[in-house]
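Remarks on the structure that follows.
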Amino acid sequence: SIILQTLGGYCEEAFAVFKRMVLSEEAEPNEATIVTVLSACASIGTLSLGQWVHSYIDSRHDLVVDENIGNALLNMYVKCGDMQMGFRVFDMIVHKDVISWGTFICGLAMNGYERNTLELFSRMLVEGVEPDNVTFIGVLSACSHAGLLNEGVMFFKAMRDFYGIVPQMRHYGCMVDMYGRAGLFEEAEALLRRMPVEAEGPIWGALLQACKIHRNEKMSEWIRGHLKGKSVGVGTLALLSNMYASSERWDDAKKVRKSMRGTGLKKVAGCSWVELEMSNNRLGSNLCAA
């Protein structure tokens with residue numbers, strides 16, 4: 001029941017069932033159930049619920065914070081932004097696998113610990129653990145936010161040429177963001193043209209943000225041309241409209257807003273990264289946490 005509710009997106013309900021299960025003592029949760037409810041806590045970004053589950057784990061002498069349970073706890077803490085506990089749990093995991101390393105590397109990157117991200121990645125390689133595609137998302141993201149363009153390009157090439165990992169949308173997104181932040185729009189455009197798949201809304205949004213920072217109207221016009229007739233997120237369109245407005249191009253701004261209204265799109269409130277899926281796909285089969 002808990003697993004099905006979590007898979008169906010009813011994370012708060014899944015936790016309520018788990019808590020009732022524990023307090024009633026009608027049945028003892030097994031490892032799969034505990035891992036699943038931790039995934040539910042991570043998905044809704046509620047630290048207090050995850051801490052409650054952690055306390056329960058500590059009360060069970062037959063449960064060890066290692067492997068599946070350790071990875072699930074680590075995933076919960078980094079997604080909830082508690083990096084102090086993330087460090088502690090990571091150190092507690094004796095049998096660290098690629099999921100352990102990758103989860104923590106991505107967590108560090110997303111929480112602004114760029115230097116620690118690259119240090120941990122180096123340590124991972126020294127330990128002889130081969131990185132996977134998710135690990136490189138964290139590494140490239142850290143390089144992007146830290147402005148480490150040369151290092152980011154090097155890691156991207158190593159991922160593809162040395163480790164044989166085919167770049168996915170998020171990898172390309174990190175690279176486009178990296179070039180955009182550095183003001184290297186020609187390189188960003190060249191990469192977009194070489195991509196084997198059509199760029200998604202977040203990539204265009206990141207590049208538009210870079211255009212706004214560097215006041216590159218020529219690139220923003222190129223982006224606008226590519227967005228015509230395509231389905232993109234409302235945030236990307238709103239950013240494009242705001243760019244036109246800031247340049248006092250009121251007619252163009254109104255056209256974008258009109259297209260937003262025509263498709264029934266409305267600007268939604270922003271959300272933090274902990275509310276987004278960062279590594280659920282990779283954790284799915286290993287942690288019963290799709």
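Mind checking which aspartates and glutamates have their Cα closer than 18 Å to the Cα of Lys19? Skip sequence neighbours fewer than 8 apart in that chain.
Cα-Cα hits under 18 Å: Glu28, Glu31, Asp58.
Quick check on packing: order 152-163, 31-42 by the mean number of other C-beta atoms within 10 Å, highest mean leading. Display every interim value, and only then the final one.
Numbers: 152-163: 15.6, 31-42: 25.3.
Packing proxy ranking, top to bottom: 31-42, 152-163.
So which aspartates and glutamates pass the test for Lys255, namely a Cα distance under 16 Å, with those fewer than 8 places away in the same chain ruled out?
Glu221
Once phi is turned into θ = phi - 60°, what whole-Hz ³J(HN,Hα) does the Karplus curve with 6.51, -1.76 and 1.60 give for every residue of the stretch 69-75, x standing for Gly and Pro?
Going residue by residue, I get 5, x, 5, 5, 5, 4, 4 Hz, with x marking Gly and Pro.
With a cut-off of at most 16 other beta carbons within 10 Å, and DSSP calling the residue loop, which chymotrypsin sites (Phe, Trp or Tyr not before Pro) in the stretch 1-96 qualify? Please list them.
Numbers: sites: Tyr10, Phe15, Phe18, Trp52, Tyr56, Tyr77, Phe87, Phe90; in loops: Tyr10.
Loop-located and lightly packed - Tyr10.
Too long at a 27 Å Cα-Cα cut-off: which of Lys218/Lys254; Lys79/Lys254; Lys79/Lys212?
Lys79/Lys254; Lys79/Lys212
May I ask you to give the average projected area over all directions of the convex hull of the Cα atoms of the stretch 1-95, in nm² rounded to one decimal? Let's see the in-between values first.
Values: hull surface 22.0 nm².
Spelled out: convex hull of the Cα atoms, projected over all directions, averaged, 5.5 nm².
Ordered by residue, what ³J(HN,Hα) values in Hz, to whole numbers, does the stretch 28-36 give under the Karplus form 6.51 cos²θ - 1.76 cosθ + 1.60, where θ = phi - 60° and Gly and Pro are x?
Whole-Hz 3J(HN,Hα) from phi for the stretch 28-36: 9, x, 8, 4, 4, 5, 5, 4, 5.
I need Asp82, Asp58, Asp251 ordered by Cβ neighbour count within 10 Å, fewest first. Intermediate values should be presented prior to the final figure.
Numbers: Asp82 18, Asp58 10, Asp251 7.
Sorted ascending by nearby Cβ count, the order is Asp251, Asp58, Asp82.
Out of every Cα-Cα pair in the stretch 115-177, what percent are more than 20 Å apart?
Numbers: 318 of 1953 pairs.
Cα-Cα pairs of the stretch 115-177 separated by over 20 Å account for 16 percent.
Per residue of the stretch 175-190, what does 6.51 cos²θ - 1.76 cosθ + 1.60 with θ = phi - 60° give for ³J(HN,Hα)? Whole Hz please, x for Gly and Pro, Karplus curve as stated.
5, 4, 4, 5, 5, x, 4, 7, x, 9, 6, 5, 5, 5, 5, 4
Which log10 I(q)/I(0) values, to two decimals, does the stretch 70-201 give at q = 0.10, 0.11 Å⁻¹ under the Debye formula with one point per Cα?
At q = 0.10, 0.11 Å⁻¹ the computed log10 ratios are -0.32, -0.39.
Run the numbers for Tyr10 and His226: contour at 0.36 nm per residue of separation, minus the present Cα-Cα distance, in nm. Each step should come with its number before you reach the end.
Numbers: separation 216, 0.36 × 216 = 77.76 nm, distance 3.71 nm.
Between Tyr10 and His226, full extension yields 74.1 nm more.
According to a simple spin-label model (label point 7 Å from Cα along Cα-to-Cβ), what is the distance in nm between Met169 and Leu63?
Placing both labels 7 Å along Cα→Cβ, they lie 3.5 nm apart.
Every read-out reported here was derived from the displayed coordinates using simple, explicitly stated rules and does not represent laboratory data. Keep in mind it's a predicted model, so treat the numbers as computed, not measured. Glycine also receives a Cβ, built like all others from the backbone with ideal geometry; neighbour counts cover every protein chain displayed.
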